[in-house]
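> Pasting a structure below so you can have a look.
No value in this document is a laboratory result; all are computed from the given coordinates. Bear in mind the structure is a predicted one, so any value in this text is a computation, not a measurement. Note that each Cβ is placed from the backbone with ideal geometry, even for glycine, and that neighbours are counted across all protein chains shown.
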Amino acid sequence: MLSKTAIALGAALLASTAYAQTTQTTVSTPEGAQLEVSDDLHYPPGSLTQQQLESSTRDLFVQDSMNVFRRFPREVTADMVRFYTQALALRSLNPIQLTSTQQMILTGVGSGQIKLSAGQQGGREYALDGGPLGGTGIRFFTLTYPDMATVSQRFAQAGFPVPDFTLMADGTHAAMTVDPGGFAVQVIVDPAKQDNSDDGVGVGIGVSDLARSRAYYREFVGLDELDPVQDQLLGVTKYPYRHGETTLYLYDVGEGLPKDTGSAGIQYVISDAPMAAAKGEHRGIDVQTPLNRLAGFGLVTVWFYDPDGVTNYFAQVGRPRGAEAAPVAAVDPLTILPPVPDDYTPATTAWGDPDLRGTWPIDHLNGLPLQRSAEQGNRHFLTEAEYAERQSRIDSLASRYDNEEAADSIGQGHWVEMGDGSRRTSLLVLPQDGRLPAMTEEGLRRSAQMRSSWARGQTFNWVSDFDNWDRCITRGLPASMMPMMYNNGLRIFQAPGIVAIQMEMIHEVRIIPVDGRATVPVQIENWLGESRGHWEDANTLVVETGNFRPGPSATSIVTSGSPPENNTPISTQAKLVERFTMTGPDSIVYETHYSDPVIFTQPWGTRLDWQRDDEYQFFEYACHEGNVQLRNYITASRAGTVGN
């Protein structure tokens, strides 16, 4: 057996990767989740015994398995979900929202999980060409099933090639398949196993130095070392290391082959992440992400590299270290809204400003309500059942177009643009309950005085009985930046010192100076207010707007989940702060913070994920032309009041 020093990677390296990095305030996972690094998480120097430092991490394990995660190209997300949940029939679990644009899809294998993450982020190496023998790193999963016919039927029904099984010397059948992202999955049929691979998962790891890797998983991690086994499909000897339901299979591929450090990794659920960090420091294990806490999730983690750069991620959930510590209440991950990613640097214009130019329609958000239901409480995200119900409703509404085409008719299906089935509960993220705050007494008084064609039981005697949108003037702000049933196009134009936002609805254009000029006097009021912008952090446009002219409603009935009568007044004290953060070449996170102390008892704010679509075409919003609505309302209303 190798001595413990055989896996030491250098104390000097540790000094630069562990304690030195604890001076940082935040670090990011490859998926963009923000982690807080703090000195107070570490055990004080000299507080641990030599025996504690030299023992493996095995005594910290609290789950009878290990979890594995798999990263893949974002464009194959739907196929990946279908492959793992339908073809492989793994249990579908509630996803975890890591950031506003990044979700971890969870599938169950026994007591463990295979976690699927879209996007090959984080500057990692991805080299799956050549299959299991083509390089180092995690190269395949092994999953087991009791019945070959059932497995074959599932693959066929899910639309994937049926596995080509081979009879093995031990009487089992085995086949090597490939998931839609190019990662190998070995399927074993053994009548003694549970269905859905509920006996656990095997993880095949190609290594460049077998002795060094075996020492790492045996002595530092502390897995059970089993007898070597021959893999007939691959023609290699595998060296199994097991904890409970999960087995890692190490096999030698030699030196000089491509390294894959990004496609997959291993997670250990433990009781004491600071202890794992101290053990790693003592042995000189290379640190990927230093000891940290993920705020809101009750999670403390430390990320190590194995000798070939495979992520080994130790996660402490819930109870802090120390027997005297009080238990931490479990936090529902659906209540956590991840921070906006801030690590993307967009291209710049010829004059040096971040380049946000393009078409950013928000029709995909139609159907995501402004407010969430009271029953959803503080949850930012839907449960699986709620999401399925929302998607079913959207699919039903979207089918109206095809139904009308088949019937040679035109109706709502040709007019209303249906969105995607978002997992968010509401556009509102402030207040915490995702609902508009209560109005002040003055706000309620002004609301009762507002006139609109959307108001129930109202009479119409003149044009002043209609709101500004009825009269084709404006939808106002912030309502104009929220999704609705149609005409959801937004375009951003830029010139030196100016950003302009063109809105398809009402064909208005917001002109936003970003050259530092002063705003106009408060006596000058505009329907869309007076805006001034500035650039922040090389990827964010911040726009502050005041000088609002009262009249429009701050909310719009055609934004799902809004107050029903277009009667949310705006006062001259209203202030709107918007943040446009580019999180990728084709994505912007749009945030608002709206305050109006005359109308509302507290501020409120929204968060929307924009998607670039430069092929989107604007349609003319010919509102005034042929607009007979006002005349018809007035004449009908006057006729109804004759003799009363």
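> Using only DSSP helix segments of four residues or longer, with each worth -39500 (n - 2.57), what per-residue ellipticity at 222 nm results for the chain after dividing by its residue count and rounding to 500?
Calculated at 222 nm, the ellipticity per residue is -4000 deg cm²/dmol.
> Still on this model: Could you give the length gained on full extension between Asp224 and Glu384, defined as 0.36 nm per residue of separation minus the Cα-Cα distance, in nm?
Details: separation 160, 0.36 × 160 = 57.60 nm, distance 3.66 nm.
The span from Asp224 to Glu384 would gain 53.9 nm if fully extended.
> If you don't mind, there's one more thing I want to ask. Kirkwood hydrodynamic radius (Cα pairs, Å) of the range 71-194? Walk me through the numbers on the way to the answer.
Values: mean 1/r = 0.0646 Å⁻¹.
One over the average 1/r among Cα pairs gives 15.5 Å for the range 71-194.
> Expressed in nm to one decimal, what extension gain is obtained for the pair Thr459 and Asp195 from 0.36 nm per residue of sequence separation less their Cα-Cα distance? Mind showing how you got there, number by number?
On the way: separation 264, 0.36 × 264 = 95.04 nm, distance 6.61 nm.
In short, 88.4 nm is gained.
> Using a Debye calculation, one point per C-alpha and no hydration shell, please list log10 I(q)/I(0) for the range 420-511 at q = 0.12, 0.13, 0.22, 0.23 Å⁻¹ in order.
Per q value, in the given order, log10 I(q)/I(0) is -0.60, -0.70, -1.21, -1.21.
> Follow-up. How do the peptides 606-612, 400-406, 66-72 rank, highest first, by the average count of neighbouring beta carbon atoms within 10 Å per residue? Please report the intermediate quantities before stating the final value.
Numbers: 606-612: 20.0, 400-406: 13.0, 66-72: 22.9.
Going by the mean number of other Cβ atoms within 10 Å, highest first, we get 66-72, 606-612, 400-406.
> On a C-alpha basis, how far is the centre of the range 168-237 from the centre of the range 413-479 in Å? Whole number, if you could?
58 Å
> With a Förster radius of 51 Å, plug the Cβ-Cβ distance of Gln52 and His534 into 1/(1 + (r/R0)^6) and report the FRET value to the nearest 0.05. Could the numbers behind the result be given before it?
Values: r = 52 Å, r/R0 = 1.02.
E(calc), rounded to 0.05, equals 0.45.
> Quick check: net charge around Val229, other residues with Cβ under 15 Å of its Cβ, Lys/Arg +1 and Asp/Glu -1?
After counting each charged neighbour, the total is -4.
> On to the next question. In what order do Trp535, Trp469 fall by count of nearby beta-carbon atoms within 10 Å, going from fewest to most? Write out the running numbers ahead of the final one.
Working: Trp535 14, Trp469 24.
Taking fewest neighbouring Cβ atoms as first place, the list is Trp535, Trp469.
> A further question follows. Can you put Lys115, Lys279 in order, fewest other beta carbons within 10 Å first? Walk me through the numbers before you get to the answer.
Details: Lys115 20, Lys279 25.
The fewest-first ordering by Cβ neighbours comes to Lys115, Lys279.
> Another one. Tell me which of Ser152, Asn632, Pro228 sits at the most positive position along the dipole axis of the chain, charges placed on C-beta atoms (Lys, Arg +1; Asp, Glu -1).
The residue sitting farthest along the positive end of the dipole is Asn632.
> How far is helix 148-158 tilted, in degrees, relative to the longest principal axis of the Cα atoms in the chain, given as a value from 0 to 90 rounded to the nearest 10?
30 degrees
> Going by alpha carbons, how many degrees (0 to 90, nearest 10) lie between the helix axis of 384-398 and the longest principal axis of the chain?
50 degrees
> Could you put Val542, Val287 in order, starting from the residue whose Cβ has the fewest other Cβ atoms within 10 Å? Let's see the in-between values first.
On the way: Val542 17, Val287 23.
Final ranking by Cβ density, sparse to dense: Val542, Val287.
> What's the magnitude of the charge dipole for the chain around its Cα centre, counting Lys and Arg as +1 and Asp and Glu as -1 at the beta-carbon? Answer in Debye, nearest 20.
Working: 49 positive and 77 negative charges, 256 e Å.
For this selection, approximately 1220 debye.
> With 10 Å bins from zero, work out the P(r) of the range 489-644 over every alpha carbon pair and list the percent per bin.
Taking all Cα pairs of the range 489-644, the binned fractions are 9, 30, 35, 18, 6, 2, 0 percent.
> Here's another thing I want to ask about it. Report the calculated FRET efficiency for Val598 and Thr335 (r = Cβ-Cβ distance, R0 = 22 Å), to the nearest 0.05. Could the numbers behind the result be given before it?
Numbers: r = 31 Å, r/R0 = 1.43.
So, using R0 = 22 Å, E works out to roughly 0.10.
> Semi-axes of the range 534-606's equivalent ellipsoid from the Cα gyration tensor, sqrt of 5 times each eigenvalue, largest first, rounded to whole Å? Before the final figure, lay out the partial values.
Working: eigenvalues 132, 51, 18 Å².
Rounded to whole Å, the semi-axes are 26, 16, 9.
> Please report Rg (one decimal) and Dmax (integer) in Å for the Cα set of the chain.
29.3, 104
> Rounded to the nearest 0.05, what FRET efficiency is calculated for His414 and Glu125 with R0 set to 51 Å and r the Cβ-Cβ distance? Don't skip to the end; give the middle numbers.
Details: r = 49 Å, r/R0 = 0.96.
My answer for the efficiency is 0.55.
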